[in-house]
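The values are calculated or read from the model by the stated rules, or taken from the named source; none is laboratory data. Everything numeric in this text was worked out from a predicted model, so none of it was measured. Don't worry about glycine lacking a Cβ; one is built from the backbone with ideal geometry, like all the others, and counts go over all protein chains shown. Just so you know, the surface numbers come from the protein's heavy atoms only, side chains and all, with ligands and any DNA or RNA stripped out. Shrake-Rupley method; radii C 1.70, N 1.55, O 1.52, S 1.80 Å.
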Amino acid sequence: MNQRRVVVTGLGAVSSVGNDVKTAWNAVKNGESGIDKITLFDASEHLVQIAGEVKNFSLEDYGVDKKVARKMSRFGKFLLGASIEAVNDAGFDKESIAKENAGIVSGVGIGLAEHVDSSFEKFYDPNAGVNRIPPMTAPLVLNNEAAAGVAMHFGIHGPAWTLSTACASGTDSLGLALDMIRLGRMDVCIAGGTDANITGFNIGCYQALSALTNKFNDNPKAASRPFDKDRSGFVMGEGAAVLILEEYEHAKARGAHIYAEVAGFGSSSDAYHITAPCPDAAGALVAMKKAFDDAGIKPEEVQYYNAHGTSTSANDTAETILLKSFFGEHAYKLKISSTKSETGHMVGAAGSMEAIFCIKAIEEGFVPPTINLDNPDLEHGCDLDYTPNVGVKMDVNVACSCSLGFGGHNGCIIFKKI
């Protein structure tokens, strides 16, 4: 039985480097960082005072009524904004996509919406208390609220699923969508990830974990520096990234623009540690092997790898080991970059945003840079070509990306030119 082919026909993004795909991609191509001082809350008492915030975003700019937007969480708004862009980019509108055999798969990594902070404050305030908790708190802190908002906006009656595999959520959402279309359960899927975790409580949590850098408060744009010896933790980002995945013949029949084919996907668990990656990358290696077996592609066919590249010693070292283990000598011929150096770590949206950058690299023949990579951490084996500081124009026929999440969740996705 021949497997149904799946292609990408639409893209949408909301991020610290731009609130549409064109702006975000141009910023990343040019090595422009979206990381700056936190403005969403008073961070003056925090050790960490920087993040990759989304700026100047309003759902009204997407034609959404402000009364509707007011009843949505921040991460729900981001997913809807990116979905509207992606749906429009794919040549659909609200009426036409509602008639399709369509569904939604959203990835949410953390989901601690701003309503958690504000409602906790009221709950613990002796002058307010439990009876002052806003009535919409319960639905607005549900991770599935974002996917529900997309379904309601477009009138889609197919599945509207939410999965949460930490930093792998965005990639895994694409993998699940791929499988559903291959199985014939959908012809079209709005797939991607979202998160909006720049709140006092969440930044405080990751600060307590010593996962975030606190050494660049006065120089935010230099803070995210994957594979560099002076890195000291990741930078929290936020936003959403959405891809329209579609069955190939269905896309051809309606004359859709096809960006790339989704060639393969693989996932795995480290079964090792709740926060640290497996040092020998054994778990991630399983996901990568599964993805390439699924795609029927040989490692040496890949030109570009978009790294998870969080700017932590544990991740960058383990991921480099992963690449050397899987690609062998070809690892030294790969062009690699971590676009988290520009966007910050978008958590649930990271994998889907990096998938978009893989697709744009294929479309435009351009590999974006890893910025702030001034001194590669050779002591820990970071000696591959991470495309330091300046992007490179080159033909890209196959690109892949891995996402390696807390809890040991690993996802690998492969795209190829069509």
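Cross-link partners for residue 221 among the lysines, with Cα-Cα distance under 16 Å and sequence neighbours closer than 8 places in the same chain left out: 29, 37, 55, 340. Listed options for semi-axes √(5λ) of the Cα gyration tensor in Å are (1) 45, 27, 18; (2) 30, 28, 18; (3) 40, 28, 17. The value calculated from this structure is the one marked (2).
For the chain, the residue among 394, 192, 165 whose Cα projects farthest onto the positive side of the dipole built from Cβ charges is 192.
From its DSSP helices (H runs of at least four residues, each -39,500 (n - 2.57)), the chain gives a residue-normalised ellipticity at 222 nm of -9500 deg cm²/dmol.
Residues with beta-carbon under 12 Å from that of residue 391, excluding residue 391: net charge, scoring Lys, Arg +1 and Asp, Glu -1?
On the way: positive: 29, 335, 360, 393; negative: 32, 342, 364.
Residues close to residue 391 contribute a combined charge of +1.
What's the carbon and sulfur percent of the chain's accessible surface, probe 1.4 angstrom, rounded to a whole number? Using a 1.4 Å probe with all protein chains present, the chain comes out at 51 percent carbon and sulfur. Take each peptide in 34-43, 84-93, 58-67, count the other Cβ atoms within 10 Å of every residue, and average; sorted highest first, the result is 84-93, 34-43, 58-67.
Counting Lys and Arg as +1 and Asp and Glu as -1, what is the net charge of the other residues whose Cβ lies under 10 Å from the Cβ of residue 362? Taking every Cβ under 10 Å from that of residue 362, the sum is -1.
Put simply, when 268-276, 21-29 are sorted by average Cβ atoms within 10 angstrom per residue, most first, you get 21-29, 268-276.
Given a 10 angstrom Cα cut-off, can you work out which residue in 143, 30, 127 is the most mobile in a GNM of the chain? Result for the chain, Cα springs under 10 Å: 127 fluctuates most.
For a test of the definition: using alpha carbon positions, the gyration tensor, and the 1.5 limit on a/c, classify the range 311-418 as rounded, prolate or oblate.
Because its axes are fairly even, with a/c under 1.5, the range 311-418 counts as rounded.
In this Cβ point-charge picture (+1 for Lys and Arg, -1 for Asp and Glu), the chain has a dipole of about 620 debye about its Cα centre. Can you spot the lysines whose alpha carbon is less than 21 Å from residue 252's alpha carbon? Ignore those fewer than 8 places along the same chain. Here the lysines satisfying the reach criterion relative to residue 252 are 94, 99, 360, 416, 417.
Karplus-derived 3J(HN,Hα) values for the range 366-379, using 6.51 cos²θ - 1.76 cosθ + 1.60 with θ = phi - 60°, are 8, 9, x, x, 9, 7, 6, 8, 9, 9, x, 7, 5, 4 Hz; glycine and proline are entered as x.
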